[in-house]
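What follows draws every value from the coordinates through simple rules; no lab data is involved. Just so you know, these numbers come straight off a predicted model, no measurement behind them. Heads up, the Cβs are rebuilt from the backbone with ideal geometry, glycines too, and the neighbour counts pull from every protein chain shown.
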Amino acid sequence: MRVVVAGSHGLIGSALVAHLRGDGHDVVRLVRGTARAADELAWDPDHGVLDPAGLAGADAVVNLAGVNAGSRPLTPARKRAVVASRLRTTSLLATTLAAAPDGPRVLLQGSAVGAYGDRGDDELTEAEPYGSTFFADLVERWEAATAPAAAAGVRVTHLRTSIVLSPHGGALGRLLPLVRLGLGGRLGSGRQFWSWITLHDEVRAITHLLASDVPGPVNLVAGADRNADVVAALAATWHRPAVLAVPAPALRLVLGDFASEVLGSARAVPAALTASGFVPDHPDIATAAAWVWAASREH
């Protein structure tokens, strides 16, 4: 299979490219600026530039492009950058695929379980409505931007990614160093549900969906546990205590609107993914934490 990947240098994208190539797939990476390698295709989403000829012959596009929403404080300017980076890339890909009859007929589009907002203990399948947070509104607009491709008969799958557990970067980038020092603990009340999946299973799930006819939103989730239990499982794997807590007001002060993603509760259920036949290798938080520990020792 020939797969075009946007956002190939991020945590998920780089792991996905390696996984796809390991499975024998041909991968083309969309890059800003000048293409400098045979496996690169230049594009400029900010100015709506993408040569449809570069997509000819490809089977699918995976779009993971977007500014990291959690790497800096969400100032008004940063919010605009987060939104624009997602809407521009998605709109350009969707309109290009819609107008290219010989182009890819599958678009796996990055999205997030932030779609549901703060929903307490409710189990959230893909049928649930959008929430009312900044990120829920963003996801609604982000997913709507794929409409031209879907209307043209392209199978569009929205990858509603949860917290991706990895020893390097991602959601654990700031938490794991504290856990290793024995300074980890619950965030806020610790009772909020964190939906999660290991990076290993994330790329397996995306690869699975390339060949599975599952349109619409798909919760990329292996499990959902309370924040305190996730931190405790990680700490236990490193044989460290997890007794310190970070008060919710402190998180809101430091993280601003992104605190809603840390303190909010989203108990997402992988209904569509499970129905498609996908089985995670790390189905519970104990095995997931063990994988994170083992993977951290490989580097």
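For the range 151-164, backbone phi angles converted through the Karplus equation (6.51, -1.76, 1.60; θ = phi - 60°) give residue-by-residue couplings of 5, 8, x, 6, 6, 9, 10, 8, 7, 6, 6, 9, 5, 9 Hz, Gly and Pro being listed as x. Just checking the listed ones, Asp201, Asp284, Asp225: in the Gaussian network model of the chain with Cα springs under 10 Å, the one fluctuating most is Asp284. With labels modelled as points extended 7 Å from the Cα through the Cβ direction, what inter-label distance (nm, one decimal) is found for Ala42 paired with Asp23? Simple spin-label model gives 3.1 nm for this pair.
Take every pair of alpha-carbon atoms less than 8 Å apart whose residues are at least six positions apart; their mean separation over the length of the range 2-292 yields a relative contact order of 19 percent.
Pop the C-beta distance of Asp284 and Ala84 into the FRET formula with R0 = 35 Å and round what comes out to the nearest 0.05. Taking R0 as 35 Å, the efficiency between Asp284 and Ala84 is 0.40.
With the largest listed first and rounded to whole Å, the semi-axes of the equivalent ellipsoid of the chain from the Cα gyration tensor are 32, 20, 18.
Amide H contacts of Val5: Val28, Arg29, Leu30, Val62, each under 5 Å away and 5 or more positions distant or on a separate chain (H built 1.01 Å from N in the peptide plane; Pro and chain starts excluded). Distances between placed amide hydrogens fall under 5 Å for Leu220 paired with Arg160, Thr161, Ser162, all partners being 5 or more residues away or on another chain. For the range 135-190, the equivalent ellipsoid derived from the Cα gyration tensor has semi-axes of 37, 13, 7 Å, listed largest first. Karplus-based coupling profile of the range 199-211, in residue order and whole Hz: 4, 4, 6, 4, 6, 5, 5, 5, 4, 4, 6, 4, 9, with θ = phi - 60° in 6.51 cos²θ - 1.76 cosθ + 1.60 and x standing for Gly or Pro. Here the label points at Ala211 and Asp59, each 7 Å from Cα along the C-beta direction, are separated by 0.7 nm in the simple model. Comparing Arg78, Arg204, Arg160, which has the greatest mean-square fluctuation in the GNM of the chain with Cα pairs linked when under 10 Å apart? Sorting by GNM fluctuation, first place goes to Arg78. In this simple spin-label approximation, Met1 and Ser189 carry label points 7 Å from Cα along the Cα→Cβ vector, and these lie 4.1 nm apart. Calculated [222 nm] ellipticity per residue, helices only, for the chain: -11000 deg cm²/dmol; basis is -39500 (n - 2.57) per DSSP H run with n ≥ 4, divided by all residues, nearest 500. In terms of the Cα gyration tensor, with a ≥ b ≥ c the square roots of its eigenvalues, is the range 139-258 rounded because a/c is under 1.5, prolate because a/b exceeds b/c, or oblate? Prolate, because a/c is 1.5 or more and a/b exceeds b/c. How far is helix 134-144 tilted, in degrees, relative to the longest principal axis of the Cα atoms in the chain, given as a value from 0 to 90 rounded to the nearest 10? In the chain, helix 134-144 runs at an angle near 20 degrees to the longest axis. What is the helix-to-structure angle for 227-237, meaning the angle in degrees between its Cα long axis and the longest Cα principal axis of the chain, kept from 0 to 90 and rounded to the nearest 10? Value to nearest ten degrees: 80. Amide H contacts for Leu124 (H built 1.01 Å from N in the peptide plane; partners 5 or more residues away or on another chain; cut-off under 5 Å): Arg267, Ala268, Val269.
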